[in-house]
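Participant: I'd like to ask some things about the structure below.
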Amino acid sequence: MSISRRTFLAITLGAGVAGTGCYLFQPKETALRGSQFVNPLIIPSVLNGKVRDGRRTFELTVQKGLTSFFKGSKTPTMGYNGSYLGPTVRVRRGEHVSFKIRNKLQEETTVHWHGLHVPAVMDGGPHQKIAVDDEWEPEFTIDQPAATLWYHSHQFQKTAVQVYQGLAGLFYVDDEKSESLPIPSEYGVDDFPIVIQDRMFNRDNSFYYSDSMHDQMMGMIGDIFLVNGVVNPFLAVKRRRIRLRILNGANAQTYFLRFSDRREFFQIATDGGFLEIPVVLNELRIAAGERAEILVDLMPNDDVVLENSPRGGSARGGMMNRGSRNTVTGILRLIGNGAPAKTERIPSTLSTVRNWLPEKAVKTRRLVFQMGMGMMSGSGGRFTINGRSIDINRIDQIVKLNDIEIWELVNRSPIAHPVHIHDIQFRILDRNGKTPPENERGLKDTVLVEPNETVRVITQFETFADDKSPYMFHCHILEHEDGGMMGQFLVKQ
Ligand code: C2O
Ligand code: CU
Ligand code: CU
């Protein structure tokens, strides 16, 4: 049962006010907002691993740390091999890779490979827990097209707070295609990792994280943007054309990205890899968990800001958000320093994107996303899929190996949900019966489903069957996921 919009407004507005009254610390005033983009963007280091006996091995340590987001103060954070976020793990299609992951936190965690096609026991979901001081050594073969993927904590009911503190990093897959396309591909020179997050800070510059009903319902939305963990960043580029590999690493917020001068840019890749053709845009909607690669040209002396221009509408809750967040906020300043070069055309075709014909689907599954009455009593069962919250001991769907299926994602709640399915990449068939926009016609693992929207996706479940260990599907608003909007599926022989 879904609550009416009026009830919903009453609850959230009420909770918002109550929340304000009971801040343990006053949230920091956002004095740094504005166009003071004075901090050089940090480019995460690349982790190439070591090749031994025909396999590439990586070491990751999950650790606590202190990060200086503001001059003269330190914020307690978490990271991989560092204090906040993690290195960019880089692998090539066809490689056999293994990891040695040490948990040096004082709490349990997991490391999930978001977007990667791997066996369920290697997936790093809530079942692959790493105890304190313990190690986890997953290994798998990379078997999917070049893409910008990511990794993050998937600790059961703790994903939101662990990711918020910094447990996320990028995971690049390269292949022949990505290595031969005439597009910018020099890491940190003309090919930049761009992890965008929003956070709230307390006055003492510690992270503000709240489990108020408002923040659970809307997801935790901050008023300070971070790019690769840097507040108010700038990037001076030495090449005329650059590629930004954008990850929306937010807990909850959907971003509407554009440049301050509204210049055009090209989207060349979605979650799971290259699009077939570059798509010209001047605004990009990107929900939590989604990735997009874009190309943008910067002339010498160009000085533009990548900004978020939020909608008043449902996609981010509009007026229901705390404060006046429907204002445009700068995220990253880009300064063109490169000598003018000859204009190279962007390739008119990028790749062939795998697709599945709806006629070949053997099954359609319907998943209905709701926020139920339990909201009011706080009695659990609040965030549901098909009327049920996650039960870690229950399997919700069983898929037959190699089957092509259509999953119909139905949003019957007043908030947009970015729906993510593990193991596979899918194609979007339609949104409320309409063909998706051009920049969504690529491989996807996360798709935003708006209120009153039904999105049909199609995919094939291949390679890995397991009778016991499930994969997850869930809303990628991490507070919703932790609140129960998650289910489990088995892929069986
Ligand atoms: Cu990005 Cu189930 O996670
Ligand atoms: Cu995932
Ligand atoms: Cu959600």
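Participant: Residue by residue through the range 463-479, note down the ones that are within 12 Å of ligand 1 (Cβ to nearest atom) and either part of a helix (DSSP H, G or I) or hydroxyl-bearing (Ser, Thr, Tyr) (or both).
Facilitator: 471, 478
Participant: Return the pairs, sorted by first residue and then second, in which the second residue is modelled with pLDDT under 95, the first residue lies in the range 218-242 and is within 16 Å of ligand 2 (Cβ to nearest atom), the beta carbons are less than 7 Å apart, and the residues are 6+ apart or on different chains.
Facilitator: Sorted first by the residue in the range 218-242, then by its partner, the list stays empty.
Participant: Can you give me the ranges of the strands (runs of 3 or more DSSP E) entirely in the range 166-256 with at least 3 residues that are within 24 Å of residue 336 (Cα to Cα) and of a type in the set (Val, Ile, Thr)?
Facilitator: 191-201
Okay, residues lined up against (1) surrounded by 21 or more Cβ atoms within 10 Å (Cβ to Cβ); (2) touching a helix residue (DSSP H, G or I) at 6+ places or on another chain (Cβ under 9 Å); (3) on the phi < 0 side of the Ramachandran plot:
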{"site": "194", "(1), (2), (3)": "yes, no, yes"}
{"site": "198", "(1), (2), (3)": "yes, no, yes"}
{"site": "211", "(1), (2), (3)": "no, yes, yes"}
{"site": "215", "(1), (2), (3)": "yes, yes, yes"}
{"site": "271", "(1), (2), (3)": "yes, no, yes"}
{"site": "275", "(1), (2), (3)": "yes, yes, yes"}
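Participant: Now, a different point. Would you mind finding the one in 140, 99 that is in contact (Cβ under 8 Å) with a residue 40 or more places away in the chain and either surrounded by fewer than 18 Cβ atoms within 10 Å (Cβ to Cβ) or in contact with a helix residue (DSSP H, G or I) (Cβ under 7 Å, 6 or more places away or on another chain) (or both)?
Facilitator: 140
Participant: So, in the range 384-406, of the ones that are in contact with a Leu (Cβ under 8 Å, 6 or more places away or on another chain) and in contact (Cβ under 8 Å) with a residue 60 or more places away in the chain, which residue ends up nearest to ligand 3 (Cβ to nearest atom)?
Facilitator: 385
Participant: Any idea which of (1) in a strand (DSSP E or B); (2) away from ligand 1 (no atom under 16 Å from the Cβ) is the one residue 452 doesn't satisfy?
Facilitator: (1)
Participant: Based on this model, can you work out whether residue 123 counts as more than 18 Å from residue 56 (Cβ to Cβ), acidic (Asp, Glu) and in contact (Cβ under 8 Å) with a residue 60 or more places away in the chain?
Facilitator: The answer is yes for residue 123.
Participant: Being surrounded by fewer than 18 Cβ atoms within 10 Å (Cβ to Cβ) and closer than 17 Å to residue 469 by Cα narrows it down to one of 121, 132, so name that one.
Facilitator: 121
Participant: Next question, about the same structure. In this structure, does residue 423 turn out to be within 30 Å of residue 295 (Cβ to Cβ), within 15 Å of ligand 1 (Cβ to nearest atom) and either of a type in the set (Phe, Trp, Tyr) or out of contact with any Leu (no Cβ under 8 Å at 6 or more places or on another chain) (or both)?
Facilitator: Yes, satisfied.
Participant: While we're looking at this one, here's another question. Anything in the range 279-291 that is assigned to a strand (DSSP E or B) and either of a type in the set (Val, Ile, Thr) or buried (at least 24 other Cβ atoms within 10 Å of the Cβ) (or both)? List them, or say none.
Facilitator: 279, 280, 286, 291
Participant: Test residue 481 against the criterion of being touching a strand residue (DSSP E or B) at 6+ places or on another chain (Cβ under 9 Å), away from ligand 2 (no atom under 16 Å from the Cβ) and closer than 23 Å to residue 250 by Cα, and give yes or no.
Facilitator: So residue 481 fails the test.
Participant: Of the residues 337, 308, only one is under 30 Å from residue 234 (Cα atoms), touching a strand residue (DSSP E or B) at 6+ places or on another chain (Cβ under 8 Å), modelled with pLDDT under 95 and more than 16 Å from ligand 1 (Cβ to nearest atom); which?
Facilitator: 337
The values are calculated or read from the model by the stated rules, or taken from the named source; none is laboratory data. Remember, predicted model here, so these are calculated numbers, not experimental data. A quick note on method: Cβ atoms are made from the backbone with ideal geometry, for glycine too, and the neighbour counts reach across all protein chains shown.
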